[in-house]
Each structure stands twice: as C-alpha cells, then as structure tokens.
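Engineer: Quick one: structure below, then a few questions.
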Amino acid sequence: MSFTLDHRAAGVLLHPTSLPGPHGNGDLGPEAYAFVDFLAAAGQRWWQMLPINPVGPGFSPYSGVSAFAGSLLLISLRPLVDDGLLTHEEVGLSLDPTRASYDAAGELRGALLRRAFTRFDAHAHASALEEFRERSKFWLPDYALFMALRHAHDRKPWNEWAPELARHEPEALHMASLALEDELRFFEFEQFLFDRQWRALRTYAAERGVGMIGDAPIFIAHDSADVWGNQSIFKLDDRGQPTVVSGVPPDYFSATGQRWGTPLYRWKQLARDGYQWWVERIRTTRERFDIIRLDHFIGFARFWQIPASEETAINGRWLRGPRDELFDAIKLELGALPFIAEDLGLVTQSVVALRKRLALPGMRILQFAFNGAPGENTFLPHHYPRRCVAYTGTHDNDTSVGWYDDPGQPEGPRTPDAASHERAAARAYLYGGFASDEPFHWAMLRALYASVADTAIAPVQDLLGLGSEARMNRPGVAEGNWTYRLAADALTPELATRLRGLVEQYARIPKYYED
C-alpha cells in the first residue's frame, strides 16, 4: 500500500518510548504491534512519532548521538528469546511501568544485549548482516567506532579524546578499529537488531493500512557521530568546539528564547558536494518512514545564530538558510519530497514562499487558535487550507485538557487574563455558545476532524482526556521531560469504536481511499 498525504485521513502522535512494556520504556515489542491494531480498529491512517535515534544526555529524542542509527532503548528484548539469544528468565525483570526510566532501561538493555551478542552466530546471519552493512555503509562504520570510542573514554565528549582521534585522522581511526574490533561488532549487532525489528513492525503496520510519520530535527547534537565524523560541515573552532549555536529568539514558550546549543552548519561547504550528508540522512529516514516531519522548517529559510558564549537565546541574529538548493539536491537523488514542514514560530514571507515552492503541507495547531480577535486567528479550523496537517497540540504543547485547565501565571508567557480569555474563546468556538456535556478533548477532536485539513493528528493524551501530568515536553525546561507512559489498559475497544465513528463521520476513514 502506498501512503501519501493526498487524501483525508487521521492519525495519532505517540512516541514508542511512551508505549507500555516491562523494561523501563516502550519499545518495538508486542505493545507496538497492539498499538498498530488499535490504530487500524480506530480508523487511523497514521502513526506519528518523534525521532527514533539514540538519545544523549537528558534523553531528548531531539538531541541524539546519531541522526542515522536507531535507538538502543527501542530494541525489544522479548523477541530475542525466540531467537535463542536470551532466556525467559533473563528478560523477566520488570521496571517501573508508569514513567519512562531511561537510565534503568538503558542499563538493562545494554547488559542483556551484550549477553545476546556472545550467543549471536554471525555466520548464520552472514547474508542479512552483509545486506544491512551495505545499506548502512554511509553511516554505520563511523557510528560503531564513535560508540566504541565513547565507551572507552567513559562517555567524554569526542573533542576531549586524544587529538588525533578527535580530529578523525584516518591512521588513528584504523588503529582504534583494530584495538576495538569486538566493540565495533557489538554496535553493528545492536543496529542490526534494531533494523530487523523496525522493518518487521513497519511491514505489519502497512499490511493493516497504517503508515508511519517520522521526525527529522534540523540540527544535530555536538557530541554525536555525525559532527565528529563530518567536522568540516559544522561551525567549529580548532578545538572542535562550536563557535555559534542554534536556537530561537523569545517566543510563546520562553521569554528568553530557546538556546538549543547544537552546532550550526556550514551550508556553503555542504553545497560543494551537493549536500550529500543531508541526502543520505533523508535517504535513511525515508527507508524507515512513509512521511517525514521536518522539525524547525523555518531554519531552512533562515536560522537564529547565537554566539556560543551566550547563556540564553536573546542575543542572536538571523542568517539565510540553504532554501531551494538543499531540496533540489534531495529531489534530484531521491525523487519526491515526502515532507511535512513544521512551520511554527516566527514565520516570515520567505518561509511561506519556500514551503509553497516545495508544495509541502504546513502545520496548524488548534491550541493556538483562541487568542486575538474572535474568528481572525489563522489557527482556527475555518481558516485551514486543505493541504496542511492539523493537530490539537504537539509534543511541545500541554495536553488539551491541561491547556484548558491551566490558570496561567502572572509572570509567565500566558497570564491569568490571557488564559481566561482563551478558555472563553474556546468554549464559544467549540460549543457555539450552547450548553454541552461533551468533554473538552472530544470537542477539540471533533473540530479538528471536521476541518478541511487533509490530515488531522492528535497526541494520544488528547484521545484519553489526560491533564498536564501526561505532558511529554516543556520547552526550555531541562529536567523531567519525555517520561510519559501509556497505561497498559488505556486504549480500549470502546475508545477505538468512538474514534472510528468520528473519523467516519468526517470522511477520514482509510477505506475510502484504498485501491
């Protein structure tokens, strides 16, 4: 089945780490398959998730140690029992099911995967391994060596390694590869498992009419295999430190802006070889997903450059991004551009013009719709264009119930008066001034699905009517994010039936568009 954004459809936003499961966070195991079954029963076309790459400090999926590799945390241990690599007793330990416990989950998986590696017969899988290595040859050797060296250096940043290793000198890399050969093979094994489990899940989803939407952050963490192995395309000094970093100026989420701290690209250097690093990145992501959300699409038109010495994002400046040149290079090698443009924030005419030239759908957020003069806000459903992806909220927003119940803060970006005004505007728009006992989250879903937007997606928290305790991320807050877990019994048949009725009512059911 071919999945495109060309027809009316609906979907659910849920990162796999938020799935239920016994090993500290959700993964690609049985619960992922059960979630696909729920989506199919509920008439959902799309499963959207956050980046699935290995995470770094803070466990943010937007700050990973590779833009290509798959996350260790998503590898399910239970299928390895069927493979004869682990025993039932070894995978029997259960961790906290209520919140994602990444430290404990990583420790458990790391230890058991190393045990599985000692039992893995590479000769028996020689053909599959070779095919995987060939598909992954652009990134896998550097990634495996980076991870082996990182472990050998007690996870110190790469620019604190021996100078010849930090500079990625070929002779030093060759000697390290010989010394760390077993470690390299282990990290290849880990990625082989991830690839095999991912491809099986994606096939299962496609067979049930569920497509997958992935997420590609524009910027890359400094302490990553990508920056270490491609230093010439990033703005670094001779010690490997970023001279300038990424972020956004003050906005709705933060009065001091957001200082993401990732290094910025040397776009002119990238252009010299046809943006090959980006082409290969999109090629790899496209192999895993049907559609890719380009996070911070604004940055391709213009980006906020902050001196690395600044502690906040206030003192930065706008610079021109690569614009059409990058996307022309991607299209030349890969064909059609299967992207959603995350065009939120300080959107200028150059951003709008770029998105339109590329014929990409942008995003609309219903939670943003209720400030300003009645009826005029462009995030209101009656202003949506057909070719857009509409959300109740994203991973950066509060849940819809949490947003509605939030009283506001006198010194915050949303004051009590503003919160009260938005609640009244939401009631007037969603209920039409009439008394209604329809729960607020269902009123939000109904307005979203009734809109002309071709694609409507809601975070799973909004299907369940959960409050702020279930929020996934608070931008600008360093601790306590990404830990939401779905309760094992939350997605009931009754919920699937109600959701399917809603998508049928508004002609978003997948059967309308199957060949």
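Engineer: Can you list residues whose amide H is under 5 Å from F234's amide H, if they're 5+ apart or on another chain and H is modeled 1.01 Å from N?
Structural biologist: Hits under the 5 Å cutoff: R266.
Engineer: Still on this structure, please answer the following. Looking at the stretch 247-306, I'd like the Rg to Rh ratio, where Rg is from alpha-carbon atoms and Rh is Kirkwood's inverse mean 1/r. Can you show the working numbers first?
Structural biologist: Details: Rg = 14.2 Å, Rh = 13.7 Å.
Rounded to two decimals, Rg over Rh is 1.04.
Engineer: What residues qualify as long-range amide H neighbours of A390, i.e. H under 5 Å apart, gap of 5 or more or another chain, H built at 1.01 Å from N?
Structural biologist: The answer is R364, T455, A456, I457.
Engineer: Under the Karplus relation 6.51 cos²θ - 1.76 cosθ + 1.60, θ = phi - 60°, what is the ordered set of whole-Hz ³J(HN,Hα) values for the stretch 211-219, x standing for Gly and Pro?
Structural biologist: 3J(HN,Hα) across the stretch 211-219, in whole Hz: x, 10, 10, x, 9, 10, x, 5, 9.
Engineer: Here's another thing I want to ask about it. Give me the Kirkwood hydrodynamic radius of the stretch 323-463 in Å, from all C-alpha pairs, to one decimal place? Walk me through the numbers on the way to the answer.
Structural biologist: Numbers: mean 1/r = 0.0605 Å⁻¹.
It is 16.5 Å.
Engineer: Still on this structure, I have one more. Enumerate the calculated ³J(HN,Hα) couplings along the stretch 471-486 in order (Karplus 6.51 cos²θ - 1.76 cosθ + 1.60, θ = phi - 60°), each rounded to whole Hz, writing x wherever the residue is Gly or Pro.
Structural biologist: Those phi angles translate into 5, 7, 8, 10, x, x, 9, 7, 10, x, 9, 6, 9, 4, 10, 6 Hz.
Engineer: Here's a follow-up. Calculate what fraction, in whole %, of the accessible area of the chain sits on carbon and sulfur atoms when a 1.4 Å probe is rolled over the protein chains. Please list the in-between numbers first.
Structural biologist: Values: 11230 of 21530 Å².
About 52 percent, which is the carbon plus sulfur part of the accessible surface.
Engineer: Still on this structure, I have one more. Rolling a 1.4 Å sphere over the protein heavy atoms, what is the accessible area per residue of the stretch 1-117, to the nearest Å²?
Structural biologist: Details: 3760 Å² over 117 residues.
That works out to 32 Å² for each residue.
Engineer: What Rg and what Dmax come out for the stretch 85-126 when only alpha-carbon atoms are used, in angstroms?
Structural biologist: In Å, with Rg to one decimal and Dmax whole: 12.8, 40.
Engineer: Same structure again: Averaging sequence separations of C-alpha pairs under 8 Å and six or more residues apart, then dividing by the length of the chain, give the relative contact order as a whole percent.
Structural biologist: Values: 906 pairs, mean separation 100.8, N = 515.
Computed over the chain, the figure is 20 percent.
Engineer: OK, next. To the nearest 10 square angstrom, how much accessible area does E438 have with a 1.4 angstrom probe?
Structural biologist: The accessible area of E438 comes to roughly 50 Å².
Engineer: Over the chain, with a single point scatterer placed on each C-alpha, what log10 of the ratio I(q)/I(0) does the Debye formula yield at q = 0.06, 0.09, 0.11, 0.12 1/Å?
Structural biologist: -0.28, -0.65, -1.00, -1.20
Engineer: Might you work out the accessible area of R414 for me, using a 1.4 Å probe with all protein chains in place, and round it to the nearest 10 Å²?
Structural biologist: 20
Engineer: Distance check, please: which entries in K156/K268; K268/K356; K156/K235; K331/K356 exceed 22 angstrom between their Cα atoms? Write down the numbers at each step before the final one.
Structural biologist: Numbers: K156/K268 30 Å; K268/K356 24 Å; K156/K235 20 Å; K331/K356 15 Å.
Checking Cα-Cα distances, K156/K268; K268/K356 exceed 22 Å.
Engineer: Here is a follow-up. Roughly how much of D489 is accessible, in Å² to the nearest 10, using a 1.4 Å probe?
Structural biologist: 120
Engineer: Another question about this same structure. Step through the residues of the stretch 281-288 one at a time and calculate ³J(HN,Hα) from phi using the Karplus curve (6.51 cos²θ - 1.76 cosθ + 1.60, θ = phi - 60°), rounding each to whole Hz and writing x for Gly and Pro.
Structural biologist: 4, 5, 4, 5, 5, 5, 5, 9
The values are calculated or read from the model by the stated rules, or taken from the named source; none is laboratory data. Treat the numbers as computed from the prediction; the structure is a model and nothing was measured. In case anyone asks, the SASA skips ligands and DNA or RNA and just uses the protein heavy atoms, side chains included. Shrake-Rupley method; radii C 1.70, N 1.55, O 1.52, S 1.80 Å.
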